[in-house]
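Worksheet for the structure shown next.
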Amino acid sequence: MSKCLTFLSFLQPSKISENYKRLDAVQQKIEDLLNKETKLKKKEQKGQLTDEEEIDLEGLVKLLTVLEKDKKYWQAQVDKENKPEETSKSFGEANAQWIASVTGINYKYRLWTSFTSELDETVFPSPGFQQAYENVSRAFHMRTQAGRRIFLNLFLSEIVLLSEFNNMLRIFPEIEMSVESKGPKKRKLIGKTDYTVGFGNDIDIFDNTPPRELYLVAIEAKNSSLDEEDLWQCVAETATLYKSRKIAGKANCAVWGVLSNANHWKFIHIDEDGKLWRSNEFLLDLRLYNQDQVVIIYRFLHYVVKCCYESCMPNPTPTSSAELN
């Protein structure tokens with residue numbers, strides 16, 4: 001028996017898996033062939049190698065290359081078996097199944113379109129918004145996430161300060177959050193959101209104490225084109241808010257998420273039943289001020305911030321999946 005299996009047997013004498021056996025078998029073949037190769041090369045150096053043995057030597061080199069690949073494969077399988085079961089994932093690492101196992105949301109695909117009839121058509125950016133937008137476009141380079149965040153700052157800061165929200169909302173950058181599942185196999189979601197929006201009118205802007213009211217809007221800023229991994233990171237953050245509100249016994253647990261690199265925008269919603277809804281993607285020209293594009297983004301952000309505001313006010317109206325059909 002090879003040293004490989006001897007060592008593994010010492011570690012787990014009663015639990016030798018098929019992967020261990022395959023790895024040991026490949027290792028044994030490699031050792032046998034290496035011994036044979038050594039003998040043939042010695043004969044070759046002495047000029048005693050026959051034509052048949054010369055052919056064998058060439059074949060051995062090719063076969064050893066194949067077996068080394070097999071060894072790497074089976075070693076990876078063994079390592080995978082020995083890897084401790086994960087108990088925690090960051091927002092960026094979590095996939096749909098992990099998110100659901102921790103937060104209990106239903107991530108089945110549902111297209112969110114009902115909001116189009118709920119957007120307030122009387123809402124428009126302030127008179128100075130266009131000039132500020134154009135100034136940002138001219139002054140900042142947009143290659144990095146930091147540059148693109150300026151546009152998100154522009155939209156969010158104006159919307160949360162609208163008079164209808166009575167100066168009660170604040171934007172909280174980089175809030176760290178985590179939630180954990182219950183049961184024998186505990187799983188955890190943890191990370192920081194780029195922005196969250198929630199109640200914080202009574203908190204000093206430099207106070208390290210988190211606000212008492214949990215946040216309802218998570219915004220994840222990206223500097224590249226949006227892909228599935230980005231979407232699930234935003235879902236993980238939003239679902240963490242949902243689970244946190246559930247744990248805290250909040251009357252309304254519906255939450256909203258915004259995924260954007262300033263150029264591309266997607267909106268998500270997790271309703272009171274824990275069902276996930278996703279919008280189509282919206283585009284925003286960062287070079288030129290396109291009134292139609294700006295207004296639709298502005299109204300959508302206004303809509304989710306308004307939902308956030310109303311859900312924490314007295315006698316709010318819950319948002320269930322029935323209302324979104």
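The values are calculated or read from the model by the stated rules, or taken from the named source; none is laboratory data. What you see is a predicted model, and the numbers here were worked out from it, not measured in a lab. Here the Cβ positions follow ideal geometry from the backbone for every residue, glycine too, while neighbour counts run over all protein chains shown. Side chains included, ligands, DNA and RNA excluded: accessible areas come from the protein's heavy atoms. Shrake-Rupley method; radii C 1.70, N 1.55, O 1.52, S 1.80 Å.
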Residue within region 121-133 that is of a type in the set (Asp, Glu), under 20 Å from the mean Cα position of the chain (by Cα) and open to solvent by 60 Å² or more (accessible area, probe 1.4 Å) present: no
Test: Trp74 is more than 30 Å from Leu231 (Cβ to Cβ), aromatic (Phe, Trp, Tyr) and outside any loop (DSSP other than H, G, I, E, B): yes
Are any of the residues in region 198-212 at pLDDT 85 or above and in contact with a Ser or Thr (Cβ under 9 Å, 6 or more places away or on another chain)? no
Is it true that Val61 is of a type in the set (Val, Ile, Thr) and open to solvent by 60 Å² or more (accessible area, probe 1.4 Å)? yes
Quick check on Tyr195: is it touching a Cys at 6+ places or on another chain (Cβ under 6 Å), in contact (Cβ under 8 Å) with a residue 40 or more places away in the chain and crowded, with 17+ Cβ neighbours inside 10 Å? no
I'd like the full set of residues that are touching a residue at least 24 places away in the same chain (Cβ under 8 Å) and either in contact with an Asp or Glu (Cβ under 8 Å, 6 or more places away or on another chain) or outside any strand (DSSP E or B) (or both), limited to region 176-188. Met177, Ser181, Lys185, Lys186, Arg187, Lys188
Of the candidates Glu176, Glu220, the one satisfying the condition of being surrounded by fewer than 15 Cβ atoms within 10 Å (Cβ to Cβ) and under 24 Å from Asn252 (Cβ atoms) is Glu176
What are the pairs, 6+ residues apart or on separate chains, where a residue within region 257-283 that is at positive phi has its Cβ under 7 Å from a residue that is crowded, with 18+ Cβ neighbours inside 10 Å and among the small types (Gly, Ala, Ser)? none
Of the conditions (1) under 16 Å from Ala239 (Cβ atoms); (2) open to solvent by 70 Å² or more (accessible area, probe 1.4 Å), Lys186 satisfies every one except a single condition; which number is it? (1)
Does Thr103 fit the bill of being at pLDDT below 90, surrounded by 11 or more Cβ atoms within 10 Å (Cβ to Cβ) and under 30 Å from Cys253 (Cα atoms)? no
Residue list for region 51-85, restricted to those being under 30 Å from Ser244 (Cβ atoms) and touching a residue at least 60 places away in the same chain (Cβ under 8 Å): Glu85
Within the bounds of region 226-248, is there any residue that is open to solvent by 60 Å² or more (accessible area, probe 1.4 Å), more than 19 Å from Asn106 (Cα to Cα) and free of Cβ contacts under 8 Å to residues at least 24 places away in the same chain? yes
